[in-house]
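Working notes, structure below.
Laboratory data are not the source of any read-out in this text; all were calculated from the coordinates shown. Here the structure is a predicted model, which is why all the values come from computation and not from measurement. Reconstructed Cβ throughout: ideal geometry from the backbone, glycine too, with neighbour counts over all protein chains shown.
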Amino acid sequence: MESSARREEAVLTPREIYERLDRFVIGQSGAKRAVAIAAHNHLKRLLARRLRRTSLIKKSNILLIGPTGSGKTHIARNLADILNVPFTTVDATEYTEAGYYGKDVEVMISDLLFKANHSVEDTQRGIIFIDEVDKIARRSQSARNGAGSRDIGGEGVQQSLLKLLEGREVYVPLNVTQAWNKSDFVQVDTRDILFICAGTFSDLHDYGDEGGRSMGFGADDAAKQRQRRISTRQLTEFGMLAEFLGRLPVVVQLDRLGEDDLLRVLTEPPDAIVREFRELLAMDELEVDFAAPGLREVVRYSVERGLGARGLRSILEHVMSDVMFEAPERRRHQVTVDAGFVRERLRGLDSTQLDV
């Protein structure tokens, strides 16, 4: 990987970042705009530091809030590709407060260092995506008011993450598979690492609607408006530290994807699942026609079970399993995946059988 510090390319504009995201991420226009602006400001901050200018630009760490399968991870991964920087995904639930059994938060920097081929220079300009961040909220009222046992996997992790989010020089192990006392260490400055945290915050995004559910004409529009009103106060009441939220200045809420959006996810992006299946089966000289009604059945199944875009691949893998198994024996044949074909294979399938 060419060192990002030596690349003197012009800073991408928010519109350029948005348009590149738009090729791969369906829907979520508001979220893509907010992420594009944050990424642009992040690039300008990097440029100012690279030119050794005194700058007032603060870190643009991002908090993504949205239901399962709405595209949180997908946005972050594609943003890293657009910015051409190392990227790693970590699960917040794997970490504990320093000194306790479990991963220390510095290990996530080691993961990024590994993805950057152990280049400290590139690591310091990478992106870390911290998923399931809502699972490290304060776990009890006693922890909230200071009584009871230490919350080493919730509030304790939030406290440990503060220094990384704000930007500090930390020592991280070169080999994350070894114990700390056996590893070689390297110093990494996290001031220019972009942190993107994400969580469903399911109790809030369903959707903190204190006014109750709307019914009748315009109910869906009213629900979407409620969906956009998660406040910092609600997040702190949920169990997130005010100091932690203060280091995530860009808060982005994602909408639940509807059937039309999920149908586009299946077919439109350059890396769409349907395109992948066509390519796989074409290598066995098997032509597959994915009829629109058949894909609509796949989408409807995902929506009914709340699986979102993440569940589409698992559903289609199940639907196509027999075809994939028999493909080498059915060369120069054509298969039509219509509504009847899909319904027959999804009959009796419970959502818990799907790996999402």
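Assorted remarks:
- Among the listed pairs Lys44/Lys135; Lys32/Lys58; Lys44/Lys163; Lys58/Lys103, those whose Cα-Cα separation exceeds 24 Å are Lys44/Lys135; Lys58/Lys103.
- Cα shape, the stretch 46-113, gyration tensor, a/c 1.5 rule: oblate
- Paramagnetic label zone (point 7 Å from Cα along Cα-to-C-beta, Glu276; backbone N under 16 Å) in the stretch 301-328: 308-321, 324
- Multiplying the residue separation of Glu285 and Asp189 by 0.36 nm and subtracting their alpha-carbon distance yields 29.4 nm.
- Debye intensity ratio I(q)/I(0), log10, the stretch 240-356, q values 0.15 Å⁻¹ (C-alpha model): -0.69
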